[in-house]
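The values are calculated or read from the model by the stated rules, or taken from the named source; none is laboratory data. It should be emphasised that the depicted structure is a prediction, and the values quoted were computed from it without experimental measurement. Glycine also receives a Cβ, built like all others from the backbone with ideal geometry; neighbour counts cover every protein chain displayed.
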Amino acid sequence: MSGRGEHLHYVDLVRVLTVGLVIGMHVLALAPVVPTVQIGALIIVFHVSREVFFLLTAFVLTYSTKGKKMRWPEFWRRRYLFVVVPYLTWTVLYFFANGGPYLGQNFVRQLLTGTARYHLYFLLVSMQIYLVYPLLRAFLRVTRRHHGLLLGFAVSFQLLFSLAVQRNWAPGPLAGWVHAPDALLPSYLGYILAGGIAAWHRERLIAWTRAHVRIAFGACAASIALGIGVYLLQVYAEGLDPLAASIVFEPVVVVESFGVAWAFLAAGLLWAERGRPGEKLVRGGSDASFGIYLVHPLLLQGALLAATWLGWVDYAQTVPNPLVLTVLVLVLLPVLYLASGLVTAAVRRTPLSLALSGRVWARPVRRDVPAQSREDLALVNSGGAR
């Protein structure tokens, strides 16, 4: 729900699809087989989940605050409450789930760098986005007549930065940033600007996408084909390892990310226009997306430990890799997604909801409470849009 009162139904589907890519990416990255060309080809596609999420974050933030008089201390208080508390909680949980060492400065280092688990960097970057968002909003307003040029800069910057990371260009004081870009906001500046511009011109973007749905899907397919093509070229022509050729900061991933994001938007619009089939499931998945994001690595760790104990990991080494990948993507991914959603739904109904899912406690409403009182209670419990 936006701060302006209109719920963007298509955003629900975009969020659900993007979370699916995130889970798929982590399933593939931890595949219990030797990294192959096939795994890398899938990873180079699934990697766009990170970039699409940053586009979506900037889009929702800009749309929900555009034209409103903001009280920034209140904005920061609410935003940080729903990110910092889960970040601290899950950093502790993953620190112990990693199995040590528990002494020295290890915990402090992981807390400051978001490395207690491979996905917590996103929360650190989100905190940075919230911190500078007043400046971003003011910048978008001042440059509103030049957003075309700004979008060109955003895309160009992201391509050049990804090339710098890929080629290990580390000029002087920027070396630390280029070598460890994951948890730093400037690494995603192009996506943040592009997402903000998209929200600023939402009506035009939606109208144009509705009129060119086939082009959106075609552009997505072409960008994915380009991504896989460049990946294969690096593997076979340049001799790169499959994992090295499919890192997230690949220039071609920038192209893929915008292509996939546009296709997701088109899919969301089509879904909304055709009656929103399965809306309850999609809306629930969207509402639980942050909790799913937080918990799924822990469930994936448990699944891999169980598979090892049952001997399935050893067995996976004896069967063709395409079969293993099929099981991972078509079986483990949806099962993990569903399990994470169920865990999040259960947590949301406990006092631990804020700490574990980043949402307020969804307290059950007593049936004997008058209707108006139930509405007031729901408003209090919602805590507003995060």
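Could you identify the single residue in Phe96, Phe161, Phe107, Phe153 that is among the hydrophobic types (A, V, I, L, M, F, W, C) and closer than 27 Å to Arg204 by Cβ?
After applying the criteria, what remains is Phe153.
Taking the condition closer than 30 Å to Val84 by Cβ, among the aromatic types (Phe, Trp, Tyr) and either crowded, with 18+ Cβ neighbours inside 10 Å or modelled with pLDDT of 95 or more (or both), does Tyr231 pass? Working first, answer last.
Values: closer than 30 Å to Val84 by Cβ: no; among the aromatic types (Phe, Trp, Tyr): yes; either crowded, with 18+ Cβ neighbours inside 10 Å or modelled with pLDDT of 95 or more (or both): yes.
No; evaluated as a whole, the condition is false for this residue.
Could you figure out which of (1) in a loop (DSSP other than H, G, I, E, B); (2) modelled with pLDDT of 95 or more isn't true of Phe54?
Only one criterion is unmet by Phe54, namely (1).
Listed here are the residues, each with its yes/no results for (1) surrounded by fewer than 22 Cβ atoms within 10 Å (Cβ to Cβ); (2) without any contact (Cβ under 8 Å) to a residue 40 or more places away in the chain; (3) within 21 Å of the chain's Cα centre (by Cα); (4) not in a helix (DSSP H, G or I).
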residue	(1), (2), (3), (4)
Val254	no, no, yes, no
Gly259	no, no, yes, no
Leu299	yes, no, yes, no
Gly302	yes, yes, no, no
Leu305	yes, yes, no, no
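Report whether or not Thr89 is under 28 Å from Ile197 (Cβ atoms), part of a helix (DSSP H, G or I), of a type in the set (S, T, N, Q) and touching a residue at least 60 places away in the same chain (Cβ under 8 Å).
On the way: under 28 Å from Ile197 (Cβ atoms): no; part of a helix (DSSP H, G or I): yes; of a type in the set (S, T, N, Q): yes; touching a residue at least 60 places away in the same chain (Cβ under 8 Å): yes.
Spelling it out, it is not the case that Thr89 is under 28 Å from Ile197 (Cβ atoms), part of a helix (DSSP H, G or I), of a type in the set (S, T, N, Q) and touching a residue at least 60 places away in the same chain (Cβ under 8 Å).
Quick one: would you say Gly24 is farther than 22 Å from Gln234 by Cβ, assigned to a helix (DSSP H, G or I), modelled with pLDDT of 95 or more and small (Gly, Ala, Ser)? I'd like the intermediate steps shown before the answer.
Values: farther than 22 Å from Gln234 by Cβ: no; assigned to a helix (DSSP H, G or I): yes; modelled with pLDDT of 95 or more: yes; small (Gly, Ala, Ser): yes.
In short, no.
Going by the conditions given, is Pro35 touching an Asp or Glu at 6+ places or on another chain (Cβ under 8 Å) and at pLDDT below 90?
Spelling it out, Pro35 is indeed touching an Asp or Glu at 6+ places or on another chain (Cβ under 8 Å) and at pLDDT below 90.
Output the residue which, of all residues in region 93-110 that are at pLDDT 90 or above, touching a Phe, Trp or Tyr at 6+ places or on another chain (Cβ under 8 Å) and not polar (S, T, N, Q), is surrounded by the fewest Cβ atoms within 10 Å (Cβ to Cβ).
Of everything passing the filter in region 93-110, Phe96 is surrounded by the fewest Cβ atoms within 10 Å (Cβ to Cβ).
Testing Ala29 on (1) surrounded by fewer than 17 Cβ atoms within 10 Å (Cβ to Cβ); (2) over 22 Å from Tyr121 (Cβ atoms), one condition comes back false. Which one is that?
(2)
Return the only residue of Val335, Val347, Val319 being farther than 14 Å from Leu300 by Cα, aliphatic (A, V, I, L, M), surrounded by fewer than 17 Cβ atoms within 10 Å (Cβ to Cβ) and free of Cβ contacts under 8 Å to residues at least 60 places away in the same chain. Don't jump to the end; show me each part of the working.
Details: Val335 fails: farther than 14 Å from Leu300 by Cα; Val347 fails: surrounded by fewer than 17 Cβ atoms within 10 Å (Cβ to Cβ).
Every option except Val319 fails the conditions.
Results for (1) over 16 Å from Ile43 (Cβ atoms); (2) over 22 Å from the mean Cα position of the chain (by Cα), shown as yes or no for each residue.
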position: Gly218; (1), (2): yes, yes
position: Ala221; (1), (2): yes, no
position: Glu238; (1), (2): yes, yes
position: Asp241; (1), (2): no, yes
position: Val248; (1), (2): no, no
position: Leu265; (1), (2): yes, no
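Step by step: first the residues of region 133-148, then only those that are surrounded by 14 or more Cβ atoms within 10 Å (Cβ to Cβ) and more than 19 Å from the chain's Cα centre (by Cα), then the one that is nearest to Val84 (Cα to Cα). Which residue is that?
Here is the first cut: in region 133-148, the ones surrounded by 14 or more Cβ atoms within 10 Å (Cβ to Cβ) are 133-134, 136-137, 139-140, 143, 147.
With the extra rule that they be more than 19 Å from the chain's Cα centre (by Cα), the set shrinks to 134, 136-137, 139-140, 143, 147.
Numbers: Pro134: 19, Leu136: 21, Arg137: 22, Phe139: 26, Leu140: 27, Thr143: 32, His147: 32 Å.
The residue in question is Pro134.
Considering only residues of region 223-236 that are of a type in the set (Val, Ile, Thr) and under 26 Å from Gly195 (Cα atoms), which is nearest to the chain's Cα centre (by Cα)? Working first, answer last.
The initial filter retains those residues of region 223-236 that are of a type in the set (Val, Ile, Thr), namely 224, 228, 230, 235.
Among the residues that remain, those that are also under 26 Å from Gly195 (Cα atoms) are: 224, 228, 230.
Working: Ile224: 18, Ile228: 21, Val230: 24 Å.
Only one residue fits best here, namely Ile224.
Among the residues of region 307-316 satisfying the criterion of being outside any loop (DSSP other than H, G, I, E, B) and not β-branched (Val, Ile, Thr), which is surrounded by the fewest Cβ atoms within 10 Å (Cβ to Cβ)? If you could, list the steps in order and put the result at the bottom.
Restricting attention to region 307-316, the residues satisfying the condition of being outside any loop (DSSP other than H, G, I, E, B) are 307-309, 312-316.
Then keep just the ones that are not β-branched (Val, Ile, Thr); that gives 307, 309, 312, 314-316.
Details: Ala307: 16, Trp309: 9, Trp312: 14, Asp314: 11, Tyr315: 12, Ala316: 17.
Filtering first and then ranking leaves Trp309.
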